Every structure is written in structure tokens, then in C-alpha cells.
Amino acid sequence: MSGAGARLPEVPPPGERFNLAAHLLDANAGRPAKLAFVDDVGALTYGALTDAVQRLATAFGVLGLRREQRVLLFMLDTTDWPVAFLGAQYAGLVPVPVNTLVTADDLAYLLEHSRAQAVVVSGALAPTLAAAMVKADHEVGHVIVARPVAPLHPGERALDALLAANPPRPAAVATGADEPAFWLYSSGSTGRPKGAVHTHANPYWTAELYGKRILGLTEHDVCFSAAKLFFAYGLGNALTFPMSVGATTVLMPERPTPEATIARWLGATEPQRAHGAIPTVFYGAPTGFAGLLAHPALPPRDRVRLRLVSSAGEALPASVGERFRDHFGVDIVDGIGSTEMLHIFLSNRPDAVRYGTTGWPVPGYEIELRGDDGQPVPDGEPGDLYIHGPSAALMYWGNRARTRETFQGGWTKAGDKYVRNPDGTYTYGGRSDDMLKVSGVYVSPFEVEATLTLHPAVLEAAVIGVPDADGLTKTKAFVVLRPDAATTEAELKAFVKDRLAPYKYPRQIEFVPDLPKTATGKIQRYKLREREATRP
């Protein structure tokens with residue numbers, strides 16, 4: 001069944017010649033003194049950001065880097081990150097942000113796959129890069145270190161020194177709207193990461209269609225994202241969306257633990273206090289929200305300034321959204337996006353939240369649910385999610401088979417199962433390869449998980465299918481309890497039976513201290529399946 005919203009709103013398309021970095025900087029040329037980014041140790045105004053971006057673009061040219069060559073960004077979320085990302089694009093280069101949690105082996109693969117001619121690395125991450133460069137079958141021409149924490153090795157250059165030594169480049173390279181602007185790697189939860197190639201125009205569309213028209217961001221907002229900038233979700237949240245309206249962004253280099261997140265909400269860092277940068281907009285993920293709500297130091301609503309809260313990464317359990325709203329008086333706006341589509345294309349609205357659903361199609365995107373035969377399914381039946389919209393990636397670099405499988409004639413296959421409801425909202429059913437068929441009927445792991453988390457003792461849950469003695473698939477739940485909470489397997493089974501169809505309740509329940517997850521907080525059910533398959 002197709003969803004409404006395909007017709008593009010009245011948004012002027014970018015011109016044929018379009019450079020994303022120049023577009024974002026030009027949008028803020030009239031507010032040079034306005035605070036753009038603040039991190040734990042300093043801040044950048046829009047004027048200072050423009051100067052740094054243009055100086056780095058000049059430096060890239062002096063180093064001999066040429067148009068369309070890749071620059072890998074292995075960087076923590078600090079004010080240096082937007083300088084490196086936009087500086088590369090301003091020079092006509094293609095930045096490739098990568099996950100800062102990868103191992104040296106995985107980073108070596110990313111260096112080889114991207115064939116990056118330069119790397120910009122945070123000083124704290126330089127040892128991992130050095131180990132990866134030894135392993136990689138690829139020679140990196142230039143290593144630029146942001147905020148070195150140790151003496152530079154021969155051939156390395158400090159970012160600050162490069163900026164000081166080069167004048168601003170007066171104009172950006174005249175790239176095209178459909179030219180490659182950056183790569184984003186998938187999480188690689190089921191194999192090697194895939195490099196999705198995005199254009200200069202793609203972030204323009206996500207900012208216009210979602211950041212402005214759905215979230216309603218303004219220049220008065222202070223944005224803070226738990227998702228890091230190297231993720232598609234974080235890139236929109238903390239860079240392209242706020243810059244498109246002249247807002248301020250709080251950046252945090254450390255992990256988004258509940259303690260660290262609450263500290264930024266309250267403006268606890270010295271630069272935040274100096275600039276009055278207290279977040280009004282927060283972007284998180286369901287796992288993070290559950291952890292926050294369970295934290296003993298959760299502040300009362302009158303101590304925070306949040307006016308808008310967004311969630312993505314995995315479907316938000318209704319109980320989490322309702323408890324957050326009851327505590328803070330602000331709804332969580334849940335949506336779904338993907339690396340391939342760059343940001344959110346299906347979402348609730350700040351003024352229309354339907355907990356337990358992912359909301360409605362974002363205007364400008366069309367949604368279709370298809371069955372195993374490739375045909376649209378009727379409302380109420382699960383189908384594979386397909387998206388048609390202007391921000392789709394061009395391809396996976398160097399992977400024709402997966403490109404053809406995912407990008408199908410203007411439609412992008414998401415790999416998620418959904419059901420369309422009578423009111424036009426969509427309900428998440430899990431990843432396509434996570435769906436279970438029990439007694440001949442599809443069972444959504446997420447539906448069972450969401451029901452389990454309604455129990456007051458349950459913090460998180462993950463559900464997979466396991467074969468019984470007869471080889472038939474039955475559901476098994478892995479449950480993480482809240483601190484100091486207790487329950488039994490029998491109690492939880494009865495709890496689910498009272499709320500779902502009898503065949504959906506988990507036949508087995510195992511209590512575990514934590515669940516395997518990707519860096520974005522998505523539950524890796526395949527690891528639980530692997531664990532079960534290796535048990536005697």
C-alpha cells in the first residue's frame with residue numbers, strides 16, 4: 001500500500017551548480033557573530049567557521065589534493081568536525097566520515113575501500129589510525145591531526161597549523177547538485193560496511209523537508225544530538241539541519257551516557273555556560289531514552305529547556321515515549337530514516353504523536369509496502385518497506401549487486417517490515433530478516449519486545465526465533481531488568497499473554513545483563529541467533 005506525501009512541497013530545488021558547504025555558509029553570511037558550534041573546550045561563530053572552512057579548502061589544494069578525491073574523517077564530535085567536513089566539500093573533495101568506535105582492522109578496510117588520499121584524525125584516535133595504516137593495503141598521502149595529544153610523527157600535520165598557514169579560499173569549487181559530496185558507511189551489522197554515496201543536494205532536501213517543515217527548527221534553537229556526526233541521523237541533527245536555519249549546536253566528544261547527556265542538557269560545560277548554550281532540541285535513540293528514564297539523577301522538567309525531542313535508530317516503544325512525556329511534558333517525535341535515504345522519511349509530528357507507530361510519510365517522500373511477490377500489500381498486513389524520495393544515495397561504492405538489490409528504479413528498499421494502519425500511520429514490524437513465522441503467521445519481534453518493556457521490571461528486551469524439539473519456530477526473549485527490579489519467567493509470559501495473541505508470547509525467557517547492539521543502539525538480533533545456534 002502506498003503512503004501519501006510523495007508530492008514535493010513548495011521547496012525550490014537547488015540549482016544545477018550547487019556546493020553544499022558554500023550553501024550552508026552563505027545561508028549564515030548575515031550572522032557572522034552568531035554561535036554555530038560549541039564543544040567541551042571552545043566555540044565557533046558562523047564567521048569563524050566560514051574562515052576556517054575556507055582556509056582548510058586552500059590547504060587541501062596546497063597539499064595537492066584534487067577534485068573528487070576522498071578525505072577520510074576519523075574524528076570525535078568537536079568544532080573541528082564541521083570544519084573538516086565542510087572544508088573538504090568546499091574544495092570539491094569528498095569527505096568520508098567513519099565510526100570512531102571501529103577497530104584498527106575495520107579502519108584498515110575502510111581506508112582500502114575508500115582509497116582516501118588524506119585522513120583528518122582527532123589526536124585521541126591517532127593510535128588506532130596508525131595501527132590501521134600498517135595493516136591497510138593502501139597508502140594515505142596526508143594525515144592531518146586535530147588537537148594532537150602526542151608529538152606528531154614525520155609527515156603528519158596539525159590542523160591548527162594548516163589553518164594558520166593558509167589564506168581563505170575565496171570561492172567554493174563549482175560542484176553539481178548531483179555530484180558525489182560525501183560517503184556514509186552502513187553499520188555493517190551483517191557483513192562488511194557498505195559505502196553509500198550521497199550528493200551535494202541530498203542534505204538540502206532532508207533539511208528543507210524534515211528539519212524545517214516537520215521539526216520546525218529556527219535560528220533560536222540550540223541543538224544537541226546523542227547520535228554522532230558520522231551517522232546519517234547525527235549529521236542532519238547536528239550539522240545540516242541547524243546550519244540551514246542558523247541555529248547553534250552543542251557537540252560532545254564522549255559517549256552519550258545518561259550522565260554525559262544530562263550534563264549537556266543542564267549546560268554543565270564551561271563553554272556552554274559562557275555562551276548560554278542550553279539545548280532546546282534533543283535527538284536521541286530508544287535505547288538512550290530508556291537509559292535516561294532509568295537513571296537516578298534524571299532532572300525534573302523545570303531544570304531543562306527542551307521544547308522538541310526526536311528519536312530514530314529503532315522504533316520507539318510506546319511506554320518509553322509516554323514515560324518521557326509524563327516526566328518532561330514534551331513528546332518524543334519518533335521517525336525512521338536510513339543511511340541510504342540520509343535522514344527521516346517517515347515520522348510522527350511534534351503536534352501529532354501516535355505512540356506505538358512511526359507516524360506518517362514526510363511530504364516529499366512516498367512509502368510503499370510490498371509482499372514477497374513484490375506487489376503492494378493491503379492495510380493491516382506486514383510488508384517490506386520501500387521509499388521514493390529526493391535524498392536517496394546514488395549507490396554503494398564498488399558494490400553493484402547490493403546497489404541493485406537496494407536501489408530499485410527510483411525506489412529504495414529499506415530492509416524493514418511495516419504495517420500501514422487505517423489512520424495512515426505506519427507500525428514497525430522489525431527488520432525484514434528478523435521477522436518470525438510462528439504457527440504459519442508472521443510475528444514481529446518488536447511487537448513482543450515493546451509489550452515486555454511495558455512491565456515495570458523490564459528495561460530492554462530482544463526477541464528471536466528458536467527451533468523447538470520438533471523443529472518448529474518458537475519465540476525466545478532476552479530480557480534486561482531495571483536496576484534493583486525483579487520478576488520471573490512465568491510472570492512475564494503471563495504478562496504478554498494478557499496483551500497479545502496467545503501464539504505471540506515468548507516460549508522461553510532468558511535474563512541477561514545487556515543486549516548486543518550496533519554503535520547506533522540498534523539491537524543485533526543476529527548475534528543472539530548466532531549465540532543460540534552454538535549452544536550444545
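The values are calculated or read from the model by the stated rules, or taken from the named source; none is laboratory data. Remember, it's a predicted structure, so these values are computed and weren't measured experimentally. For neighbour counting, all protein chains shown are included, and Cβ atoms are generated from backbone atoms with ideal geometry for every residue, glycine included. What goes into the accessible areas is simple: the full protein's heavy atoms, side chains included, and nothing from ligands, DNA or RNA. Shrake-Rupley method; radii C 1.70, N 1.55, O 1.52, S 1.80 Å.
Looking at the stretch 6-23, can you tell me whether even one residue there is farther than 24 Å from Thr199 by Cβ, touching a residue at least 12 places away in the same chain (Cβ under 8 Å) and touching a strand residue (DSSP E or B) at 6+ places or on another chain (Cβ under 7 Å)?
no
For the stretch 249-301, what are the residues that are aromatic (Phe, Trp, Tyr) and within 26 Å of Glu219 (Cβ to Cβ)?
Scanning the stretch 249-301 gives Trp265, Phe282, Tyr283.
Got at least one residue in the stretch 421-439 being part of a helix (DSSP H, G or I), within 22 Å of Asp334 (Cβ to Cβ), in contact (Cβ under 8 Å) with a residue 24 or more places away in the chain and open to solvent by less than 50 Å² (accessible area, probe 1.4 Å)?
Yes, the stretch 421-439 contains at least one residue that is part of a helix (DSSP H, G or I), within 22 Å of Asp334 (Cβ to Cβ), in contact (Cβ under 8 Å) with a residue 24 or more places away in the chain and open to solvent by less than 50 Å² (accessible area, probe 1.4 Å).
Filtering the stretch 89-108 down to residues that are at pLDDT 95 or above and over 21 Å from the mean Cα position of the chain (by Cα), which residue is surrounded by the fewest Cβ atoms within 10 Å (Cβ to Cβ)?
Ala108
Could you tell me which of the residues Gly291, Gly276 is open to solvent by 20 Å² or more (accessible area, probe 1.4 Å), over 20 Å from Tyr233 (Cα atoms) and not acidic (Asp, Glu)?
After applying the criteria, what remains is Gly276.
For the stretch 318-329, which residues satisfy the criterion of being open to solvent by less than 20 Å² (accessible area, probe 1.4 Å) and either in contact with a strand residue (DSSP E or B) (Cβ under 9 Å, 6 or more places away or on another chain) or under 22 Å from Pro390 (Cα atoms) (or both)?
Filtering the stretch 318-329 for residues open to solvent by less than 20 Å² (accessible area, probe 1.4 Å) gives 319-321, 324, 328.
Of everything in the stretch 318-329, those that are open to solvent by less than 20 Å² (accessible area, probe 1.4 Å) and either in contact with a strand residue (DSSP E or B) (Cβ under 9 Å, 6 or more places away or on another chain) or under 22 Å from Pro390 (Cα atoms) (or both) turn out to be Val320, Gly321, Phe324, Phe328.
Which numbered condition trips up Asp372, out of (1) under 12 Å from Tyr418 (Cβ atoms); (2) over 19 Å from the mean Cα position of the chain (by Cα); (3) not in a strand (DSSP E or B)?
It is condition (1) that Asp372 fails.
Which of the residues spanning the stretch 338-354 are out of contact with any strand residue (DSSP E or B) (no Cβ under 7 Å at 6 or more places or on another chain) and surrounded by 18 or more Cβ atoms within 10 Å (Cβ to Cβ)?
Across the stretch 338-354, the qualifying residue is only Arg354.
Which is touching a residue at least 12 places away in the same chain (Cβ under 8 Å), under 30 Å from Leu293 (Cα atoms) and surrounded by fewer than 19 Cβ atoms within 10 Å (Cβ to Cβ), of Pro445, Pro456?
The conditions single out Pro456.
From the list Leu111, Leu72, Leu76, Leu86, pick out the single residue that is buried (at least 23 other Cβ atoms within 10 Å of the Cβ), touching a helix residue (DSSP H, G or I) at 6+ places or on another chain (Cβ under 7 Å), at pLDDT 95 or above and assigned to a loop (DSSP other than H, G, I, E, B). Before the answer, list the steps.
Details: Leu111 fails: assigned to a loop (DSSP other than H, G, I, E, B); Leu72 fails: assigned to a loop (DSSP other than H, G, I, E, B); Leu86 fails: assigned to a loop (DSSP other than H, G, I, E, B).
Selected residue: Leu76, the only one of Leu111, Leu72, Leu76, Leu86 that is buried (at least 23 other Cβ atoms within 10 Å of the Cβ), touching a helix residue (DSSP H, G or I) at 6+ places or on another chain (Cβ under 7 Å), at pLDDT 95 or above and assigned to a loop (DSSP other than H, G, I, E, B).
Output the qualifying pairs, or none if there are none: Cβ atoms under 7 angstrom, residues six or more apart or on different chains, first residue in the stretch 60-72 and more than 13 Å from Leu162 (Cβ to Cβ), second residue surrounded by fewer than 16 Cβ atoms within 10 Å (Cβ to Cβ).
So the pair list comes out as Arg70/Arg115.
Given the options Leu44, Leu56, Leu20, Leu63, name the one that is open to solvent by less than 50 Å² (accessible area, probe 1.4 Å) and either farther than 18 Å from Ala88 by Cα or in contact with a Ser or Thr (Cβ under 7 Å, 6 or more places away or on another chain) (or both).
Selected residue: Leu44, the only one of Leu44, Leu56, Leu20, Leu63 that is open to solvent by less than 50 Å² (accessible area, probe 1.4 Å) and either farther than 18 Å from Ala88 by Cα or in contact with a Ser or Thr (Cβ under 7 Å, 6 or more places away or on another chain) (or both).
Of the residues Gly335, Gly359, Gly267, which single one is modelled with pLDDT of 95 or more, in contact with a strand residue (DSSP E or B) (Cβ under 7 Å, 6 or more places away or on another chain), over 25 Å from Pro483 (Cα atoms) and surrounded by fewer than 24 Cβ atoms within 10 Å (Cβ to Cβ)? Break it down into steps so the answer makes sense when it comes.
On the way: Gly335 fails: surrounded by fewer than 24 Cβ atoms within 10 Å (Cβ to Cβ); Gly267 fails: in contact with a strand residue (DSSP E or B) (Cβ under 7 Å, 6 or more places away or on another chain).
That would be Gly359, the only listed residue that is modelled with pLDDT of 95 or more, in contact with a strand residue (DSSP E or B) (Cβ under 7 Å, 6 or more places away or on another chain), over 25 Å from Pro483 (Cα atoms) and surrounded by fewer than 24 Cβ atoms within 10 Å (Cβ to Cβ).
So Glu259 passes all but one of these: (1) more than 21 Å from Ala84 (Cα to Cα); (2) open to solvent by 20 Å² or more (accessible area, probe 1.4 Å); (3) touching a strand residue (DSSP E or B) at 6+ places or on another chain (Cβ under 9 Å). Which condition number does it fail?
(3)
Of all residues in the stretch 368-412 being in contact with a Phe, Trp or Tyr (Cβ under 7 Å, 6 or more places away or on another chain) and open to solvent by 70 Å² or more (accessible area, probe 1.4 Å), which is nearest to Ile344 (Cα to Cα)?
Ranking the qualifying residues of the stretch 368-412, first place goes to His388.
Would you mind listing the helices (runs of 4 or more DSSP H) fully within the stretch 256-367 where at least 1 residues are under 19 Å from Leu454 (Cα atoms)?
286-293, 318-328
Val143 is checked against (1) touching a Phe, Trp or Tyr at 6+ places or on another chain (Cβ under 9 Å); (2) surrounded by fewer than 21 Cβ atoms within 10 Å (Cβ to Cβ); (3) in a strand (DSSP E or B) and fails just one. What number does that condition carry?
(1)
I'd like the full set of residues that are basic (Lys, Arg), outside any loop (DSSP other than H, G, I, E, B) and touching a residue at least 24 places away in the same chain (Cβ under 8 Å), limited to the stretch 470-529.
Within the stretch 470-529, Lys474, Lys476, Lys504, Lys517, Arg525, Arg529 qualify.
Give me the strands (runs of 3 or more DSSP E) completely within the stretch 149-211, filtered to those with at least 3 residues that are open to solvent by 20 Å² or more (accessible area, probe 1.4 Å) and at pLDDT 95 or above, ordered by residue number. Even if it seems obvious, please write down each step before you answer.
Working: elements: 156-158, 180-185, 195-199.
Of the strands (runs of 3 or more DSSP E) lying wholly inside the stretch 149-211, those with at least 3 residues that are open to solvent by 20 Å² or more (accessible area, probe 1.4 Å) and at pLDDT 95 or above span 156-158.
Could you check Leu215 against (1) outside any loop (DSSP other than H, G, I, E, B); (2) crowded, with 23+ Cβ neighbours inside 10 Å and say which number it fails?
That leaves (1) as the condition not met.
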